[in-house]
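Chemist: Here's a structure for you.
The values are calculated or read from the model by the stated rules, or taken from the named source; none is laboratory data. Everything quoted here is computed from the prediction, not taken from an experiment. When we count neighbours, we look across all protein chains shown, and the Cβ atoms used for this are built from the backbone with ideal geometry, even at glycine.
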Amino acid sequence: MKKILYLIIILAAGLLSACHKDKKIIVNGTDSTAIKLEISNLIKDSVYLYTKETYLWYDAIPDYKTFAPRSFTGTNEIAALTSEVDKLSQYKINPATSLPYEYYAADPGSAKYSFIDDGSVSSELGGVSGDFGFSVLYQETNDLRVKYVYPGSPADSAGIKRGDQIVKLNNRTSLDYDNGTNVNFVVNAIFGTSPITMTLKKANNTTADVSLSVADYTINPVLKYKVFTMGDKKIGYVVFNTFTVIANARPQLLKAFNAFSAAGVTDLVVDLRYNGGGSVETAEYLDNLIVPAAKSGTQMFTYYYNNKLQADNHPLLSAIYDINKGDFLPANNRVNFAKSGSLNVSKVFFIVTGSTASASELTINNLRPEMEVKLIGRTSYGKPVGFFAIDINKYQLYVPQFETKNSANQGGYYSGMTPGSTDYPGKLDYDDVTKDFGDSTEVLLQHALNYITTGVYDVSGPKVQSLSKTKTMSAQQVSDMTLKLDERKFKGMVGGKKELRHR
């Protein structure tokens, strides 16, 4: 009886995965409450079963009866599913921290990596976004700023710039950082879909009132690139803000790196401070633009799946994908460098913050054994794992299915990469959103420029030229603030077996 029930659930999970996200399941022409409930229960079963099969830490998840996936509830279906995914993520304990591998400091009990989505992520990674096109951070507790703006977005069309101070949002002037009511108000407004109004204080101390509505636009992941000439040094600087799919990212990256090669760049600074990750294929491409030509053909990194997948024990995936024997073995999941372009540098500086995650960290980790790598900024997010999306009815499930390690077998940076530490040499300092990208006096960039030209990081004078310096944020507040404001932004590494094809 148990085998029969399991087979039924497997078939249901396969059916729900195969269904297009934009279609309902209709039984006998009826879309009744009872049928909706049963479909919702089957979706919950599928979330559990796919996780139990593919999750990197599946071995800690209890059996179906004990876990009871159908018991999870919420204000709506996706809230209930999120609750289920959060619970699934908390079983496996990291012995290094005595906390779950997916412990999320901003909201203990919720998943740090796993989530279920309505398809928005795949659209965004494809290079199309439907939002306001900007993000924010607190420079200080009473100083809310725009941290970046995507070209061609509603925010860009409204004249919003990095460094603009938000003094009024939806008629509210009480915006001070409190990790509570005020921050929730900001998050709901900035990352929501309802129109917003803002009063901005510009760099010249003038103010501007703007109104924004969400809209679709094509993401240009390269926000800035330029070349600095400092003595005998030619320093290339590029701000790469998201790892969109290769078709979207390649032309923009190539434009920047071709300019670097033409200018004879000798040193490179890659700004990933707000890059939450995305396509592994694009991360590989960026590494190939940076790595020395002599490394071409050598190992870049390896994917490691759970032992169940490696043993070809994957009935659910096999039901919907064409999978060959041994597809998940490490030997079949090694990626080699293939040098692209003609840039020739022996070291690279990465600017990072707590918003730097996943594919960004993969990019950094891949290069560590191959050339001199230095980090400047704050401790990164900490996500050495990745996933491929699993379609379940109108949703997509993302749970860590693989871990990556570089050619020196380095990985496991679950607590993030800390600049200036033994493993990640460089300089620990705070972000400076009061200056535009590429401003040589912006603190984190200035550290890199100073080191390249003088061999030391230290900058002179005030580090952050804020308009309001009455309430300085502690390191813990900066960390909490970053996590809170990034809650609704994608942080991931989407990749894995490129050979997987739906049946």
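Chemist: Could we say that S120 is among the hydroxyl-bearing types (S, T, Y), surrounded by 22 or more Cβ atoms within 10 Å (Cβ to Cβ) and out of contact with any strand residue (DSSP E or B) (no Cβ under 6 Å at 6 or more places or on another chain) here?
Modeler: No, not satisfied.
Chemist: Evaluate the following for K44: is it over 23 Å from K112 (Cβ atoms) and either in contact with a Gly (Cβ under 6 Å, 6 or more places away or on another chain) or not aliphatic (A, V, I, L, M) (or both)?
Modeler: No: the conditions fail for K44.
One line per residue, one yes/no per condition, for (1) touching a Phe, Trp or Tyr at 6+ places or on another chain (Cβ under 8 Å); (2) more than 30 Å from Y430 (Cβ to Cβ):
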| position | (1), (2) |
| --- | --- |
| K325 | no, yes |
| S342 | no, yes |
| S355 | yes, no |
| I364 | yes, no |
| P369 | no, no |
| L375 | yes, no |
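Chemist: Further question: Tell me which residues, restricted to the stretch 264-295, are in a loop (DSSP other than H, G, I, E, B) and either more than 18 Å from L362 (Cα to Cα) or among the aromatic types (F, W, Y) (or both).
Modeler: G264, V265, T266, Y274
Chemist: Hey, another quick one. Within the stretch 442-462, how many residues turn out to be surrounded by 16 or more Cβ atoms within 10 Å (Cβ to Cβ) and part of a loop (DSSP other than H, G, I, E, B)?
Modeler: Number of matching residues: 3.
Chemist: With the requirement that a residue be in a helix (DSSP H, G or I) and either in contact with a Leu (Cβ under 9 Å, 6 or more places away or on another chain) or in contact (Cβ under 8 Å) with a residue 60 or more places away in the chain (or both), what does the stretch 71-109 give you?
Modeler: Scanning the stretch 71-109 gives I78, L81, V85, L88.
Chemist: Quick one: S261 ticks every box in (1) in contact (Cβ under 8 Å) with a residue 12 or more places away in the chain; (2) not in a helix (DSSP H, G or I) bar one, so which box is it?
Modeler: Of the numbered conditions (1) in contact (Cβ under 8 Å) with a residue 12 or more places away in the chain; (2) not in a helix (DSSP H, G or I), the odd one out for S261 is (2).
Chemist: Would you check which residues across the stretch 425-434 are outside any loop (DSSP other than H, G, I, E, B) and either surrounded by 20 or more Cβ atoms within 10 Å (Cβ to Cβ) or under 16 Å from the mean Cα position of the chain (by Cα) (or both) and list them?
Modeler: G426, K427, listed by residue number.
Chemist: Filter the stretch 220-252 down to residues that are out of contact with any Pro (no Cβ under 9 Å at 6 or more places or on another chain) and either outside any strand (DSSP E or B) or among the acidic types (D, E) (or both) and give me whichever is nearest to M493 (Cα to Cα).
Modeler: V245
Chemist: Out of L317, L309, I need the residue that is hydrophobic (A, V, I, L, M, F, W, C), farther than 30 Å from A106 by Cβ, modelled with pLDDT of 95 or more and crowded, with 18+ Cβ neighbours inside 10 Å. Which one?
Modeler: Being hydrophobic (A, V, I, L, M, F, W, C), farther than 30 Å from A106 by Cβ, modelled with pLDDT of 95 or more and crowded, with 18+ Cβ neighbours inside 10 Å holds for just one of L317, L309, which is L309.
Chemist: Further question: Going residue by residue through the stretch 321-335, is there one that turns out to be at pLDDT 95 or above and under 20 Å from the mean Cα position of the chain (by Cα)?
Modeler: No, every residue in the stretch 321-335 fails to be at pLDDT 95 or above and under 20 Å from the mean Cα position of the chain (by Cα).
Chemist: On the given criteria, is S415 of a type in the set (S, T, N, Q) and closer than 15 Å to T356 by Cβ?
Modeler: yes
Chemist: While we're on this one: Right, T422: closer than 30 Å to N94 by Cα, without any contact (Cβ under 8 Å) to a residue 12 or more places away in the chain, assigned to a loop (DSSP other than H, G, I, E, B) and β-branched (V, I, T) or not?
Modeler: Here the answer is yes, as T422 does meet what is asked.
Chemist: Answer with yes or no whether N275 is within 26 Å of the chain's Cα centre (by Cα), touching a residue at least 24 places away in the same chain (Cβ under 8 Å) and surrounded by fewer than 21 Cβ atoms within 10 Å (Cβ to Cβ).
Modeler: Judged against the criteria, N275 is not a match.
Chemist: Answer yes if at least one residue in the stretch 231-240 is among the charged types (D, E, K, R), under 28 Å from Y430 (Cβ atoms) and buried (at least 21 other Cβ atoms within 10 Å of the Cβ), and no otherwise.
Modeler: There is no residue in the stretch 231-240 that is among the charged types (D, E, K, R), under 28 Å from Y430 (Cβ atoms) and buried (at least 21 other Cβ atoms within 10 Å of the Cβ).
Chemist: Name the pairs whose Cβ atoms lie under 7 Å apart, with the first residue in the stretch 350-363 and on the phi > 0 side of the Ramachandran plot, the second among the charged types (D, E, K, R), and 6 or more positions between them or separate chains?
Modeler: Taking only residues 6 or more apart or on different chains, the pairs are S358/K383; S358/K491.
Chemist: Ok, one more. Considering only the stretch 395-409, state which residues are within 18 Å of D86 (Cβ to Cβ) and of a type in the set (D, E).
Modeler: Scanning the stretch 395-409 gives no hits.
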